[in-house]
Amino acid sequence: MEAKDVQEQMRLLKDLQDIDTAARKIRLDRQQMEQELGSLDAEVERVRVMVTGLREGLDALRAERRELGQALALERDNVARAESRLPAIKTQKEYIAVLKEVDTAKKMNRDIEERIKGKDAEIAALDQDLQEKEKELAEQEDKANARRALIEEQLAEIDATLSSREAERAAIAEQIPLVTRKRYQTLLDRRGGIAVVEARQGACQGCHMQLPPQVFNSLFRQEEVMSCPHCHRLIFLIRQ
Ligand SMILES: [Zn+2]
């Protein structure tokens, strides 16, 4: 291989690596944005579950309140009915019995009224909680929607960048012999995304080990694409 061909191949490989490095960063950004979208959704969902729970609790309390109201009406009827019997009563014994009945029913009424008061207070407190949570939910949804719109816009840009880079990458890759391209790809996968490195001051800048003199000499002569004997990354020299 001629020196200029080796030089050209190394230049293409470096370009390829630049594109791959940028693409990897962009993909990471994309992942982070998708994760952020996921956690925004989870947060909205968490508040929504709370709102649903509060609504159900409130429905149950209101049903209990209705039942108490019905029980109160029933007891009031009982009182009225017993009292209406009083004028017609002939014996003292019967009179006392009916009075006792009225008294018991009135006591029951007071008891139910107390429970209604307690229930109304519970309902008011829960309703307040519900309103606060509903407000929080609306705010969370607004926040999530605004952020989502922004992120989706950025994701679209990212995808456009990635696909344009994809075309650029393919154009470069097809100029590199398949065997070298495969070597590059394998190294990229196994060496943390860095397959092509500079050899500087006699050392590989990938693993920072000293290169044997004969490797360095071959590198200097540029007769073939060279790799570091330690980490196997493809190495190049920048001539001063
Ligand atoms: Zn190395």
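A short reminder: the numbers here are calculations on the coordinates, not readings from a lab. What you are looking at is a predicted structure, and each value in this text was computed from that prediction instead of being measured. Ideal geometry is used to build each Cβ from the backbone, glycine not excepted, and the neighbour counts take in all protein chains shown.
Numerical summary
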item: Residue check for residue 216: in contact (Cβ under 8 Å) with a residue 12 or more places away in the chain and within 16 Å of residue 15 (Cβ to Cβ); result: no
item: Any pair with Cβ under 6 angstrom, 6 or more apart, that starts in region 90-106 at a residue that is within 27 Å of residue 71 (Cβ to Cβ) and ends at one that is small (Gly, Ala, Ser) and surrounded by 13 or more Cβ atoms within 10 Å (Cβ to Cβ); result: 98/82; 101/82; 102/82
item: Selection from region 197-211 of residues that are part of a strand (DSSP E or B) and either more than 9 Å from the ligand (Cβ to nearest atom) or farther than 16 Å from residue 225 by Cα (or both); result: 198, 200, 203, 210
item: Of residues in region 211-240 being surrounded by 14 or more Cβ atoms within 10 Å (Cβ to Cβ) and polar (S, T, N, Q), the one farthest from residue 16 (Cα to Cα); result: 218
item: Residue within region 224-231 that is closer than 19 Å to residue 10 by Cα, more than 16 Å from the ligand (Cβ to nearest atom) and either out of contact with any His (no Cβ under 9 Å at 6 or more places or on another chain) or not hydroxyl-bearing (Ser, Thr, Tyr) (or both) present; result: yes
item: So residue 10, is it outside any helix (DSSP H, G or I) and either loosely packed, with under 15 Cβ neighbours inside 10 Å or touching a residue at least 60 places away in the same chain (Cβ under 8 Å) (or both); result: no
item: Qualifying position, being surrounded by 13 or more Cβ atoms within 10 Å (Cβ to Cβ), more than 30 Å from residue 40 (Cβ to Cβ) and not hydrophobic (A, V, I, L, M, F, W, C), among 94, 114; result: 94
item: Subset of region 173-203 [under 10 Å from residue 235 (Cα atoms) and within 44 Å of the chain's Cα centre (by Cα)]; result: 195, 196, 197, 198, 199
item: Among the candidates 198, 224, residue that is acidic (Asp, Glu) and under 29 Å from residue 28 (Cα atoms); result: 198
item: Condition met for residue 163 (more than 12 Å from the ligand (Cβ to nearest atom) and over 28 Å from residue 230 (Cα atoms)); result: yes
item: Residue 87, sole failed condition from (1) surrounded by 12 or more Cβ atoms within 10 Å (Cβ to Cβ); (2) free of Cβ contacts under 8 Å to residues at least 60 places away in the same chain; result: (1)
item: Selection status of residue 206, within 22 Å of residue 233 (Cα to Cα) and free of Cβ contacts under 8 Å to residues at least 24 places away in the same chain; result: no
